[in-house]
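This report concerns only the one structure given below.
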Amino acid sequence: MSVNRPKIVAANWKMNLLPSDAMDLVAQYDFKFGEDAAEVVLFPPFTHISMMKAALQLGFKLGAQNCSLEQMGAFTGEIAVEMLTDLNCSHVLVGHSEARSRNSHENGWVSKKIRRALDAGLHVVYCCGESLETRLREAEYTWVGNQLSGDLSLVPAGELGQLIIAYEPIWAIGTGKNASPEQAQEMHVFIRKKMSELYGQVSAEIPILYGGSVSSANALTLAEMPDIDGVLVGGSSLKPIEFRMIFEAFRGLSEQ
Ligand code: PGA
């Protein structure tokens, strides 16, 4: 069965950039969205989101880098999903390894956050991926398989349309050492197979992004891989020319 999955290029700005500089960076991207363009989702820090309405008019989508797993209420320092949708966010990142390493003491928080985000109607960019130590033990497939079955335990098949998976091997994040396109492709095939075991045929429609040291130098070969539906870009998304080249690498591939 051939499936047309959307191409998605996402910018994870992490804790970078002043709020007052955010729209300048977006203007410098200077993207021309046409019918063949990839969808672009920007993940600025929380403090920038309300100033970025103009980005929506330019054709970008807005997402948050995190959300609370709690309902609105007495949770000092937390951000509820309803606050994000009220600011026109359509997406949220859940399970990024940098967030996992800060929350390692709490069990089940990834699946609970995913559940809250789905309830609010957000698209979830769910991140998974193994450490270097796990890959050296050749246990990466078991690791990622277990992450998927545990973290997605509260997602029924009927809501998979709101799910985007990002495979981000931890050893490739911010290191300049990306997974080779073949390594990423192999893991994406594995993720798709695991999702089809968990959910059946409908899982063929889930976009799977690769993240970890994506740059203009590797974007084209990543884009050519049949199971890489887009990228989650950290460092290179802060460099407008670099990010435009990554965006262009995924242009026109949506129909394949
Ligand atoms: P990087 O980050 O592109 O800087 O490696 C990717 C990410 O953490 O999402």
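The values are calculated or read from the model by the stated rules, or taken from the named source; none is laboratory data. Source: prediction; values computed, not measured. Please note: Cβ atoms are built from the backbone with ideal geometry, for glycine as well, and neighbour counts cover all protein chains shown. Note: accessible area is taken over every heavy atom of the protein model, side chains too, but ligands, DNA and RNA are not part of it. Shrake-Rupley method; radii C 1.70, N 1.55, O 1.52, S 1.80 Å.
Open to solvent by 30 Å² or more (accessible area, probe 1.4 Å), more than 16 Å from the ligand (Cβ to nearest atom), within 21 Å of Gly63 (Cβ to Cβ) and not β-branched (Val, Ile, Thr), is that true of Glu205? Here the answer is yes, as Glu205 does meet what is asked. Do you know which residues across the range 221-256 are of a type in the set (A, V, I, L, M), assigned to a loop (DSSP other than H, G, I, E, B) and either within 15 Å of the ligand (Cβ to nearest atom) or surrounded by 24 or more Cβ atoms within 10 Å (Cβ to Cβ) (or both)? Of everything in the range 221-256, just one residue is of a type in the set (A, V, I, L, M), assigned to a loop (DSSP other than H, G, I, E, B) and either within 15 Å of the ligand (Cβ to nearest atom) or surrounded by 24 or more Cβ atoms within 10 Å (Cβ to Cβ) (or both), namely Ile228.
Search the range 52-76 for residues being closer than 19 Å to Asp30 by Cβ and among the hydrophobic types (A, V, I, L, M, F, W, C), and hand back the single one that is surrounded by the fewest Cβ atoms within 10 Å (Cβ to Cβ). Checked the range 52-76; the qualifying residue surrounded by the fewest Cβ atoms within 10 Å (Cβ to Cβ) is Ala54.
Scanning the range 133-146 for residues that are surrounded by fewer than 14 Cβ atoms within 10 Å (Cβ to Cβ) and among the aliphatic types (A, V, I, L, M) returns a single hit, Leu136. Considering only residues in the range 1-28 that are in contact (Cβ under 8 Å) with a residue 60 or more places away in the chain and away from the ligand (no atom under 16 Å from the Cβ), the one that is most open to solvent (accessible area, probe 1.4 Å) turns out to be Met1. Just one of (1) in contact with a helix residue (DSSP H, G or I) (Cβ under 9 Å, 6 or more places away or on another chain); (2) within 16 Å of the ligand (Cβ to nearest atom); (3) open to solvent by less than 10 Å² (accessible area, probe 1.4 Å) fails for Asn218. It is (3).
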